[in-house]
Amino acid sequence: MKDVLRVSGLSKSYPSFKLRDVSFEIAEGSITGFIGRNGAGKSTTLKCIMNTVRKDGGEVFFFGKPFDGNEREIKNRTGFITGGVDYYPGKKLKTITDVTKRFYDAWSDEDYRRYTSSFDLDENKTPRQLSQGMRVKYSLALALSHNADLLILDEPTSGLDPVSREDLLETFLRLSDEGKTVLFSTHVTSDLEKCASNIIYIKDGGIFAEDDMRDFEKKFALIETTWQSLPDGVSEKAIGIRRTKNGFSILFYANEVPFMSENIKTPTLEDIMVHVEKEGL
């Protein structure tokens, strides 16, 4: 399976934050979740990839071609969505569409009509009249109507009600079945459990993990105890420790658990994330 996106050594510095040597690859037809807590660098990474924020260093390749020198071609094949349509809030969707489609060489009115019908979009409405979920679907309709092969979405499910989130995740699965590639950032790990096969985990501006999601979870072991205090040596081996109602929950690498316990389980992605970010007591 070939890569549609390859990022190598990406960096960006702000006075209070640094993106450090970010590197990863996205396979064709995959759904990849880009996770990390708020402020970890998800949005900065995606904006640097798409050149809406200028990177300080690193290389970005789309469809085997460097972004530098091929920006127009790449953007014709890529849909970048940042959480909805907030421009021209009082203009009708059909007016926004008429302006937008002029920028794309492969625009298809037939595809646009198909997606607006599939997403139950009313072109006579304005963005301010749409729910957050419908705004995201309108952005998707625009991206897919110019034949985007890769969709990059920044926190697309943020603020959506549960039904709208489920609808959007089902849309991702359908697009993957059609051969499209989806990369979306989120801090809601339950969204990934429902549709993503791969994850990229960013922490404090650097990549903590890039893996198949199930394989990633199997690398860890979670132990829940009723201890009221931690025995010697546990903190040194633990990746993260959290207090619970009855004692502690402790995350280890699966091959480094320092004692036997009947309460060892394979953690969920959410378990891993909350313990990794806690990093001990």
Sole residue being of a type in the set (K, R) and within 29 Å of L19 (Cβ to Cβ), chosen from K203, K245: K203
Tally, over segment 77-102, of residues that are modelled with pLDDT of 90 or more and outside any strand (DSSP E or B): 14
Checklist (1) within 29 Å of T45 (Cα to Cα); (2) surrounded by fewer than 19 Cβ atoms within 10 Å (Cβ to Cβ); (3) without any contact (Cβ under 8 Å) to a residue 60 or more places away in the chain; (4) among the small types (G, A, S) applied to G206, failing item: (3)
All positions within segment 103-134 that are buried (at least 18 other Cβ atoms within 10 Å of the Cβ) and either β-branched (V, I, T) or not in a loop (DSSP other than H, G, I, E, B) (or both): Y112, Y115, T116, P127, G133, M134
Filter result for D98 (assigned by TED's automatic domain parsing to the domain that holds L183, farther than 30 Å from L10 by Cβ and touching a Leu at 6+ places or on another chain (Cβ under 7 Å)): no
Condition met for T157 (out of contact with any Phe, Trp or Tyr (no Cβ under 6 Å at 6 or more places or on another chain), touching a residue at least 40 places away in the same chain (Cβ under 8 Å) and closer than 19 Å to L46 by Cα): no
Residue ID - farthest from L153 (Cα to Cα), chosen from residues in segment 82-126 that are within 24 Å of the chain's Cα centre (by Cα) and not β-branched (V, I, T): S118
Whichever residue in segment 11-60 is among the acidic types (D, E) and not in a loop (DSSP other than H, G, I, E, B) and, among such residues, is farthest from M213 (Cα to Cα): E59
Subset of segment 8-41 that is among the hydrophobic types (A, V, I, L, M, F, W, C) and more than 15 Å from the chain's Cα centre (by Cα) - its residue that is surrounded by the fewest Cβ atoms within 10 Å (Cβ to Cβ): F17
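The values are calculated or read from the model by the stated rules, or taken from the named source; none is laboratory data. This structure is a prediction, so every number in the text was calculated from the model and none was measured. Counting neighbours? That spans all protein chains shown, and the Cβs are built from the backbone with ideal geometry, glycine included.
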